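Peer 1: One structure, pasted below without further comment.
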Amino acid sequence: MEFRPMSDAASSAPRVALLATLDTKSAEAQYVAQQLASRGVRPVIVDMSLRGESPDIADVPRSALMARGATSATGDDRTGAMETTATAARGLLSEWLADGAVDGALGIGGGTGGWMSNRAFESLPFGFPKLVVTTVVKSTGEDDILLLPSVVDVAGTNALLRTVLRNAAGAMAGMVQSVAETTEPRPAIAMTMFGVTTAGGDVARAALEAAGYDVVVFHATGAGGRTMERLTREGRFAGILDWTTTELVQNIAGGLCDAGESRLSAATEAGIPQVVVPGAIDVINVMPPIPDAFAARAHHWHLPTVPLIRSTAEESTRVGRWVAERLAASPAPAAVMIPAKGYSSLDVEGGPFADPDADTAFEEAVREHAPDAVSVTTVPAHINDPDFAREAAQRLLSLIDAANAAPTPKE
């Protein structure tokens, strides 16, 4: 479906896809469209309704999405229609983006329209302006879809809702009209951190930045690790300093910050150098009250609502094997650096998580299962010691240099 013809002046304006279920949100969508137009933005209204005929304000009627596989809600089956409609809209947006025919995407709706807009926007690339106004706000933190709570229901055009919709239009206009950076981007390195590994992580980051790299830090909360892995697969990084691998033990022990079983596989798949550090593998995040399964373990209240549990030697062994086996498959240079005096600010002599046996269990497992091609180095320092941080950064820089100097395999 093509955009409606516009005058030369209007056709040169930034274009924003406006997604809404027009069978229930027609007036609201029209108000947002007017607000966008008043700011010099060309709205293109996409009807996401699950049944019925589209009103005249639709630039892309429901029939156009049905031609792309969208189905109608029948009987009790609404979720199937929601999925197919969102998928059809996603395909349409991807085509427009590839053709340079759209500059942003804005969705409005309650539970149904908000969910479909969010679903349709998930495949849009990082940095592309995308915003959803909805009554049901939920984010995994794995993408940059902006969620604006409508506060009141998206029903009618009362003064409170108009304020929210006007702000949404203003935010979208600002994003699509902003001027992109003209400076040449520096090569990027991905890095993971946690509060209990930040002191050393900041030193390592500064050393990498001083070497000319743009360092992108991911908070190792589960969502952070998954996002880093996804962006790594997209080819955004020259190397990875996996400073904080707590997400591995969280997966093993059932902690909150679980990034899934594919964690630590993206760098291998992408064929880029990586240095792995057992940062915060002593830490398991749980929800209060402390579960019975962890009641006998050492714990620490990191925040008033976040108790941390100390991992065991058996869990540390499993983490060590996980690291070794993932790095063993890497076609690019890979190394493990182990700070012998502790893996977090809690895992320090006299600290609440001090457990040399558990830390040693990790090291022994890594050395047992890592092949000779994977360098394993133990440094007599704590993870937050500046010298250890600088050494880890330098190790990654050396691996990147070695990878860049290696001859390219012939086809």
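Each reported figure results from applying straightforward, stated rules to the coordinates on display, with no laboratory input. A quick note: this is a predicted structure, and the numbers were derived from the prediction, not measured. For neighbour counting, all protein chains shown are included, and Cβ atoms are generated from backbone atoms with ideal geometry for every residue, glycine included.
Peer 1: How long, wide and thick is segment 196-268, going by the Cα atoms along their three principal axes, in whole angstroms, largest first?
Peer 2: Computed over segment 196-268, the largest-to-smallest principal extents equal 38, 29, 16 Å.
Peer 1: Summing -39500 (n - 2.57) over the DSSP H runs of n ≥ 4 in the chain and dividing by its residue number, what mean residue ellipticity at 222 nm do you reach, to the nearest 500 deg cm²/dmol?
Peer 2: -12500 deg cm²/dmol
Peer 1: Moving on to the next point. Apply 1/(1 + (r/R0)^6) to the Cβ-Cβ distance of Val137 and Ser72, taking R0 = 30 Å, and write down the FRET efficiency to the nearest 0.05.
Peer 2: So, using R0 = 30 Å, E works out to roughly 0.65.
Peer 1: Given springs between every Cα pair under 10 Å in a Gaussian network model of the chain, which of Thr182, Thr268, Thr377 has the largest fluctuation?
Peer 2: Thr182
Peer 1: Could you derive backbone 3J(HN,Hα) for segment 153-162 from the dihedral phi with the Karplus parameters 6.51, -1.76 and 1.60 (θ = phi - 60°), listing whole Hz in sequence and x where the residue is Gly or Pro?
Peer 2: Ordered by residue, 3J(HN,Hα) equals 5, 7, 8, x, 10, 5, 4, 5, 5, 4 Hz.
Peer 1: Sticking with this one: Under a plain spin-label model, where a point goes 7 Å from the Cα along Cα-to-Cβ, how far apart in nm are Ser375 and Leu256?
Peer 2: Each label point lies 7 Å from its Cα, and together they span 3.7 nm.
Peer 1: Which far-off residues, 5 or more places away or on another chain, put their amide H under 5 Å from the one on Val348, with H placed in the peptide plane?
Peer 2: Phe353, Ala354
Peer 1: With a Cα-only, solvent-free Debye model of the chain, what are the log10 I(q)/I(0) values at q = 0.06, 0.07, 0.11, 0.13 Å⁻¹?
Peer 2: Result of the Debye calculation: -0.32, -0.43, -0.90, -1.04.
Peer 1: Which of Ala155, Ala120, Ala267 ends up with the largest GNM mean-square fluctuation for the chain, with Cα atoms connected below 10 Å?
Peer 2: Comparing Ala155, Ala120, Ala267 in the GNM, the peak value goes to Ala155.
Peer 1: Under 25 °C and 0.890 mPa s, how fast does segment 277-411 diffuse according to Stokes-Einstein, given a Kirkwood radius computed over C-alpha pairs? Answer in µm²/s, whole number.
Peer 2: The estimated diffusion coefficient comes to 151 µm²/s.
Peer 1: Which ³J(HN,Hα) values, rounded to whole Hz and listed in residue order, are derived for segment 379-385 from phi using the Karplus coefficients 6.51, -1.76 and 1.60 in 6.51 cos²θ - 1.76 cosθ + 1.60 with θ = phi - 60°, glycine and proline given as x?
Peer 2: Those phi angles translate into 10, x, 8, 8, 4, 8, 6 Hz.
Peer 1: Mean separation of Cα pairs under 8 Å and 6+ residues apart, divided by the residue count of the chain: what relative contact order is that in percent? Kindly include the intermediate steps, with their values, before the conclusion.
Peer 2: Values: 843 pairs, mean separation 45.9, N = 411.
About 11 percent, as a whole number.
Peer 1: For segment 188-404, what is the largest minus smallest coordinate of the Cα atoms on each principal axis, given in angstrom and ordered from greatest to least?
Peer 2: The Cα atoms of segment 188-404 stretch 50, 32, 31 Å along the principal axes, largest first.
Peer 1: Within segment 203-221, name every residue whose backbone N is under 20 Å away from a label modeled 7 Å from Cα of Ser178 along the Cβ vector.
Peer 2: Residues passing the 20 Å test: 214-219.
Peer 1: Could you please tell me the mean projected area of the C-alpha convex hull for segment 1-122, averaged over all directions and given in square nanometres to one decimal?
Peer 2: 7.0
Peer 1: Let me ask something additional. Evaluate the relative contact order of segment 12-177 (contact order divided by residue number), counting alpha-carbon pairs under 8 angstrom at least 6 apart; express in whole percent. If you can, show how the numbers build up before the last one.
Peer 2: Working: 322 pairs, mean separation 38.8, N = 166.
So the answer I get is 23 percent.
Peer 1: Across all directions of projection, what mean area in square nanometres is found for the Cα convex hull of segment 134-278?
Peer 2: 11.5
Peer 1: Under the Karplus relation 6.51 cos²θ - 1.76 cosθ + 1.60, θ = phi - 60°, what is the ordered set of whole-Hz ³J(HN,Hα) values for segment 221-229, x standing for Gly and Pro?
Peer 2: Here the 3J(HN,Hα) series is 9, x, 4, x, x, 5, 5, 4, 5 Hz.
Peer 1: From Cα pairs below 8 angstrom and at least 6 apart in sequence, can you work out the relative contact order of segment 188-404, rounded to a whole percent?
Peer 2: 23
Peer 1: Between beta-carbons, use under 10 Å as the cut-off and find the net charge around Asn118, counting Lys and Arg +1, Asp and Glu -1. Mind dumping the intermediate values first?
Peer 2: On the way: positive: Arg119, Lys130, Lys138; negative: Glu122, Asp143.
Spelling it out: positives minus negatives among the neighbours equals +1.
Peer 1: I need the calculated FRET efficiency for the pair Thr79 and Glu314, taking r as the beta carbon distance and R₀ as 30 Å, to the nearest 0.05.
Peer 2: The pair Thr79/Glu314 has a calculated efficiency of 0.15.
Peer 1: Determine the shape class of segment 160-240: with a ≥ b ≥ c the square roots of the Cα gyration tensor eigenvalues, call it rounded for a/c under 1.5, and otherwise prolate if a/b is greater than b/c, oblate otherwise.
Peer 2: Verdict is prolate for segment 160-240.
Peer 1: Over segment 65-166, one equal point on each Cα, no solvent: what is log10 I(q)/I(0) by the Debye formula at q = 0.12, 0.14 Å⁻¹?
Peer 2: Here the Debye-derived log intensity ratios amount to -0.42, -0.57.
Peer 1: Going by amide H atoms built from the backbone, whose H comes under 5 Å of the H on Val336, apart from near neighbours?
Peer 2: Sorted by chain and number, the residues that satisfy this are Val276, Ser375, Val376, Thr377.
Peer 1: Considering amide H positions built from the backbone, and no H for Pro or chain starts, which residues 5 or more places from Asp214, or on another chain, come under 5 Å of its amide H?
Peer 2: Amide H neighbours of Asp214, under 5 Å, 5+ apart: Ala188, Ile189.
Peer 1: Something else: Residues with beta-carbon under 13 Å from that of Ala332, excluding Ala332: net charge, scoring Lys, Arg +1 and Asp, Glu -1? Mind dumping the intermediate values first?
Peer 2: Numbers: positive: Arg326; negative: Glu269, Asp401.
Once all neighbours under 13 Å are counted, the net charge is -1.
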